[in-house]
Amino acid sequence: MNIPAQTQTDKLPPLRILVVDDNRTNLQILQVFLKKLGHSTITAEDGAQAVAQCAEHQPDLILLDIMMPVMDGFEAARQIRGQASERWIPIIFLSAMDRSENLVAGIEAGGDDFMSKPIDFVLIEAKMRSMQRMMHLQRKGIESLKRIEAISDSTLDAIITIDTGAKIVSCNRSTERIFGWEIGEMVGRNVNMLMPEPYHGEHDGYVRSYVQGGPPQIIGFGREVTGLRKNGTTFPMELGLTEARFEKERLFVGVIHDITERRQNEKKLRENAESLQHYYEETEAESRLARALIDQQLLRPGLKDPQLHYWLTPAENFSGDVVAAARSKDGRLFAMLADATGHGLTAAISTLPALTLFYSIVSSGAPTLPTLVGEINRLLKESMPPGRFVAATLVCADGPNRKCEVWVGGTPECLLLDGHGEVGERFPSQHMALGILDTDEELVKTVDFTCEPNSQLLIYSDGLVEAENREKKLFDAGALLAAVRNVPPYLRHGAIRSALDRHLAGLPAHDDISLLLIDCPEKRG
């Protein structure tokens, strides 16, 4: 792993970073990388620990995984945002999930940014440098604000004193700044000079009525009104008015706060919300188009072959698992179950080259399984970015002769079941996943076996045997085999689905799940 080194010219102070991930390997990698950049780290392995560590250590930045035990990243972010803090602590979610719903949920939970897994270390270094600059500016801003508050206290608001005739008696320097008039130009004049119509013409009547014993209009209340600047422009402001009585004098003190910036910010927030909604709608439209294109590649006629039984359950809108099947011109059945790195659209796209090439080669003539494996591996090795690969099981079945061969790379072991659902042969993974190594004779080696009548080949992705129920128990290989034991071949597909549904009891699967059953035909008479 090549970790970019921090340059010698950096002058920004290091960050104290809380790293949260239930995968200890990921934690260790991020710790080493961040330390190399000059930062210190605090770690947590679940959301609850993250909330506690944040409250205790008050980090400058949080790198937060989403899928974790005990408490997920979204809930942890919400609880962290609920903690009292005078500082803004950025939260960057780390996730392999690409759905737009996850992006919206992260923002609503209090997140500030997303980074996809696997981690791009060049990108994370750039983000750390950006966060250093932002935190440096935040610290300087806090220090400056404290100095200003210590010096000026409440003088940032305009403070105007008027008498019972509505004449300005005094005002502070902030009044000059807000209204544009100099103090000497305001003192002694009617306060309605600072008001547009209709307030300008009505104000004296309100004052006379109150002074003569009438009901108060805004005394003791704060409300939003409109102010008039010297240059003739109007602006929104908040006005709070109190009365001060002396032995021979009554004065009214108005405190005015210019809320122009707040109104601009509210407008900006509305515009941002509209933009986010527009982005969401566009993303949904693009997602539907992508789904149609991927389904067109995935749902081929070969999957309707009577020897096949399959199903796919995506963890998100798009599945990183795919199944494919087609017969060559000489009648042999070729099948593939593939599992791409990650989840969602990114993983689904990764499988498309393999699908396209699979169908192209099988339909072109009478290929061999090693040739098919080698060509798919070569294509993925050339086209996939680093860190992306496709685990797969490929099968070639010559039904009439009951001769089969299988290649397994990175997926769980392939099982040959007899007529009673017992394991007759096991074909464990003997190769790396496709797209990692160069194609050679060793990589494309297959295993030959004989498919007896009434037997059945069972192929599945790791998402099936790693499906976790509410008690954190896995639907492991033992549960899978129990589901098919003493079950006829034509009923095993449904039996496995039913067993998994009972296991999950309504919970969604956290990984894509795929299953492929291939019947061995009866011997020809």
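Some observations on this one:
- Here the gap between R87 and A477, fully extended at 0.36 nm per residue and compared with their Cα-Cα distance, gives a gain of 135.5 nm.
- Each label point was placed 7 Å from the Cα along the Cα-to-Cβ direction; for I159 and S130 their separation is 4.3 nm.
- Over all Cα atoms in region 16-152, the spread is summed up by Rg and Dmax: 15.2, 52 Å.
- Distance between the modelled labels on V423 and L303, one decimal in nanometres: 2.8 nm (7 Å Cα→Cβ projection).
- Computed FRET value (nearest 0.05) for N486 with D330, which takes r as the C-beta separation and R₀ as 45 Å: 0.80
- Among 417-430, 257-270, sorting by the average number of other beta carbon atoms lying within 10 angstrom of each residue, highest first, gives 417-430, 257-270.
- Extension reserve of the S360-T242 stretch, reckoned as 0.36 nm per residue once the Cα distance is removed: 34.1 nm
- For the chain, the longest principal axis of the C-alpha atoms and the axis of helix 100-109 are separated by about 40°.
- Antiparallel content of DSSP bridges confined to the chain, in %, to 5: 80 percent
- Principal-axis tilt of helix 73-82 within the chain, Cα atoms, nearest 10 degrees: 10 degrees
- Label assignment, Rg/Rh (Cα atoms, Kirkwood Rh) derived from the structure, set [x] 0.98; [y] 1.01; [z] 1.20: [z]
- The lysines within cross-link reach of K36, meaning a Cα-to-Cα straight distance under 28 Å and a gap of 8 or more places when in the same chain, are K11, K117, K127, K140.
- In region 465-501, GluC sites (Glu not before Pro) in a DSSP loop with at most 14 other beta-carbon atoms within 10 Å: E471
- Potential extension, E182-I142 segment - 0.36 nm per residue separation minus Cα distance: 11.4 nm
- Rounded to 0.05, the FRET efficiency of the S383 and T260 pair, given R0 = 56 Å and the Cβ-Cβ distance, is 0.55.
- Of all DSSP beta bridges in region 158-258, antiparallel share, percent nearest 5: 95 percent
- Packing-based ranking, highest mean first, of 126-132, 22-28 given that Cβ atoms within 10 Å are counted: 126-132, 22-28
- With a simple spin-label model that places each label point 7 Å from the Cα along the Cα-to-Cβ direction, the separation between E284 and R208 comes to 6.0 nm.
- q = 0.07, 0.10, 0.14, 0.17 Å⁻¹, region 299-519: log10 I(q)/I(0) [Debye, one scatterer per Cα]: -0.20, -0.41, -0.83, -1.24
- Angle between the chain longest axis and helix 199-211 axis [Cα atoms, degrees, rounded to 10]: 60 degrees
Taken together, the values in this text are just the output of simple stated rules run on the coordinates, not laboratory data. Note that the structure is a prediction, hence the values are computed from the model and not measured. All Cβ positions, even for glycine, are placed from backbone atoms using ideal geometry, and neighbour counts span all protein chains on display.
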